[in-house]
1. Tell me the net charge near Arg92. Cut-off is 14 Å between Cβ atoms, Arg92 excluded, with +1 for each Lys or Arg and -1 for each Asp or Glu.
2. Not counting ligands, DNA or RNA, and with a 1.4 Å probe, what is Ser95's accessible surface area in Å² rounded to the nearest 10?
3. In region 74-152, what chymotrypsin sites (Phe, Trp or Tyr not before Pro) fall in a loop by DSSP, with at most 13 other Cβ atoms inside 10 Å?
4. So what's the net charge close to Val60: Lys and Arg +1, Asp and Glu -1, counting the other residues with Cβ under 9 Å from its Cβ?
5. From largest accessible area down, sort Ile9, Ile153; use a 1.4 Å probe on the protein chains.
6. Kirkwood Rh, region 1-75, all Cα pairs: how many Å?
7. Using 0.36 nm times the number of residues separating Tyr151 and Thr107, minus their current alpha carbon distance, what extension gain do you get?
8. Would region 106-158 count as rounded, prolate or oblate if I go by the C-alpha gyration tensor, calling it rounded below 1.5 in a/c and otherwise prolate when a/b exceeds b/c, oblate otherwise?
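The values are calculated or read from the model by the stated rules, or taken from the named source; none is laboratory data. None of the values given here were measured: they were computed from a predicted structure. Cβ coordinates were reconstructed from backbone atoms using ideal geometry, including for glycine residues, and neighbour counts include every protein chain displayed. For accessibility, only protein heavy atoms count, side chains too; no ligands or nucleic acids. Shrake-Rupley method; radii C 1.70, N 1.55, O 1.52, S 1.80 Å.
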Amino acid sequence: MTIHKEEKIWAGIVAAMVVVFLAALAYAAWVIGLQVPGGDVQMVNPQRALEELKPGVREVAPGKYEVTLIGKMWSWFPNKIVLKDPVEVKFRLTSVDVIHGFQIVGTNVNVMVFPGYVAEITWRVPPNAKGTYLMICNEYCGAGHQNMYGYVIIERSS
Ligand SMILES: [Cu+2]
């Protein structure tokens, strides 16, 4: 049996691709620190989520906010969030009924919200972000889905 020259070339290309993909995976995991979700996800009883999680906006340090949001057919609680000079906003979200999708239009904030689980997403707010942003539910959740929206208002002191 002979191995043709072309076969050797293609085997080399395939081996090189495997090395490149493994290197990309290692880079994402150890250098960038990307992780698949899971492991330490907080769980909550959907019937008690409103009392236990206390939805609202908290400024935990200058410019650093923690926003707890509850999705409930067909509204976000709270549905108006005011942030003054935000740098980093950590959203903690859950649903009391069905699956919702939390998205702030025009940003990279987009996360699925499941009943029973607390989803977390951190938004590093661009310094030029200002004004009113629409936050929506992007996961069809019933007859009033299109009414499930609110506003994130970013105020800048300078
Ligand atoms: Cu919804």
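1. Working: positive: Lys54, Arg58, Lys64, Lys90; negative: Asp40, Glu52, Glu66, Glu88, Glu120.
Around Arg92, the charge tally is -1.
2. 0 Å²
3. On the way: sites: Trp74, Trp76, Phe91, Phe102, Tyr117, Trp123, Tyr133, Tyr140, Tyr149, Tyr151; in loops: Trp74, Tyr140.
Sites meeting the loop and neighbour criteria: Tyr140.
4. Numbers: positive: Arg58, Lys64, Lys90; negative: Glu59, Glu66.
It works out to a net charge of +1.
5. On the way: Ile9 90, Ile153 35 Å².
Descending order: Ile9, Ile153.
6. On the way: mean 1/r = 0.0555 Å⁻¹.
In region 1-75 this quantity evaluates to 18.0 Å.
7. On the way: separation 44, 0.36 × 44 = 15.84 nm, distance 1.30 nm.
Net length gain for the segment: 14.5 nm.
8. Values: a/c = 3.01, a/b = 1.65, b/c = 1.82.
Cα axes put region 106-158 in the oblate bin.
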